[in-house]
Amino acid sequence: MIYDPEAQTLADLPRVQARRHGPRPAVTCEDRQASYAELAGRSEALAHQLARRGLGPGQRVGLLSKESLEAVVAVLAVARC
């Protein structure tokens, strides 16, 4: 993702970029790829799951993952919480 003045925070980037670039590839990891729209949707869904489990602003989250598409989704989801 690139700098975008419309995105005030890291959490805003997937939504803003999805609106602008929807089906274009956003992340490629090995042989897997996700579009901006897919990345925004997956990170939003995970953010909602984390919030339902009690994650909120100011709480710490540890992520242990290999470089992967899921790791990118997780980082963006935690940023939204």
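The values are calculated or read from the model by the stated rules, or taken from the named source; none is laboratory data. Every value quoted in this text rests on a predicted model; they were computed, and no experiment measured them. All Cβ positions, glycine included, derive from the backbone under ideal geometry; neighbour counts span all protein chains shown. What goes into the accessible areas is simple: the full protein's heavy atoms, side chains included, and nothing from ligands, DNA or RNA. Shrake-Rupley method; radii C 1.70, N 1.55, O 1.52, S 1.80 Å.
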Within the range 37-58, take every residue that is open to solvent by less than 30 Å² (accessible area, probe 1.4 Å) and in contact with a Pro (Cβ under 9 Å, 6 or more places away or on another chain) and give me the one that is farthest from Val73 (Cα to Cα).
Ala40
Among the residues of the range 29-81, which ones are more than 18 Å from Arg15 (Cα to Cα) and among the polar types (S, T, N, Q)?
Gln59, Ser65, Ser68
Considering residues that are more than 16 Å from Val78 (Cβ to Cβ) and either in contact with a strand residue (DSSP E or B) (Cβ under 8 Å, 6 or more places away or on another chain) or buried (at least 18 other Cβ atoms within 10 Å of the Cβ) (or both), the number found within the range 1-20 is 2
Here the residues within the range 19-48 that are over 13 Å from the mean Cα position of the chain (by Cα) and not acidic (Asp, Glu) are Arg19, Arg20, His21, Gly22, Pro23, Arg24, Pro25, Thr28, Cys29, Arg32, Gln33
Checking Asp31 against (1) open to solvent by less than 20 Å² (accessible area, probe 1.4 Å); (2) out of contact with any Phe, Trp or Tyr (no Cβ under 6 Å at 6 or more places or on another chain), which test does it fail?
(1)
